[in-house]
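First comes the structure, then the notes that go with it.
The values are calculated or read from the model by the stated rules, or taken from the named source; none is laboratory data. On a predicted model such as this, the values are computed, not experimentally measured, just so you know. Accessible surface areas use protein heavy atoms only, side chains included; no ligands, DNA or RNA. Shrake-Rupley method; radii C 1.70, N 1.55, O 1.52, S 1.80 Å.
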Amino acid sequence: MTPEEVFLKLVHGVADRDFAVLPELYAEQTDVRHPMNPYGDHPLLSRDALREHFGGVGPQVAEVVRFQPDNIRVHQTTDPEVIVAEFEYAGTVVATGEPFRVPGIFVLRVRDGLIVESRDYIDHLAMIRARGQVDQLVAHLTEPAGAPAAS
């Protein structure tokens, strides 16, 4: 698969809640980071870590929001392994029907059809708002330094 095809499988798989298949898009050893995550960037460095990530976070998100990728624009780079993909998740809050949009930019390195590196710049605050988790974030941000981090 090309980097663009892998990206499309990824964002559609997230939206379709195909959490068991998503880790298979990644190499056994990978480097996935979320630099804009207000809970901190906790690198995911293996397929097993991604399996745990998608298995934990995915169902929590699926319970409260539904969304699909929209406004997808994929930019090729001079490195054939690397793409920059702009997109939005457009969705609704399950409980209220309220619409929301979450913009994102992924910088992916795909080798032999598998993601070996990814920088996922997503508007975590928009997703936190849509999921009704602002109070949890505020509590996290006001915890004393060194307190255990929530995820």
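Amide H contacts for R111 (H built 1.01 Å from N in the peptide plane; partners 5 or more residues away or on another chain; cut-off under 5 Å): V116. Pairing the Cα long axis of helix 47-64 with the longest principal axis of the chain, what angle in degrees results, from 0 to 90 and rounded to the nearest 10? Approximately 50 degrees, to the nearest ten. Rounded to whole Å, the principal axis extents of the Cα atoms in region 89-151 read 42, 38, 14, largest first. Across region 8-24, rounded Karplus estimates of 3J(HN,Hα) from the backbone phi angles (6.51 cos²θ - 1.76 cosθ + 1.60, θ = phi - 60°) give 4, 4, 5, 5, 6, x, 4, 5, 7, 6, 8, 5, 6, 8, 3, x, 6 Hz, Gly and Pro being marked x. Only DSSP H runs of four or more residues enter the estimate; each adds -39500 (n - 2.57), and after division by the residues of the chain the mean residue ellipticity at 222 nm equals -9500 deg cm²/dmol. Between V94 and D31, full extension at 0.36 nm per residue minus the direct alpha carbon distance yields a gain of 19.5 nm. Pairwise alpha-carbon distances in region 1-129 exceed 21 Å for 36% of all pairs. When both bridge partners sit in the chain, DSSP labels roughly 90% of those beta bridges antiparallel. Under the criterion of Cα pairs below 8 Å and six or more residues apart, the relative contact order for the chain equals 25 percent. Among I83, I72, the sequence by solvent-accessible area, most first, with a 1.4 Å probe is I72, I83.
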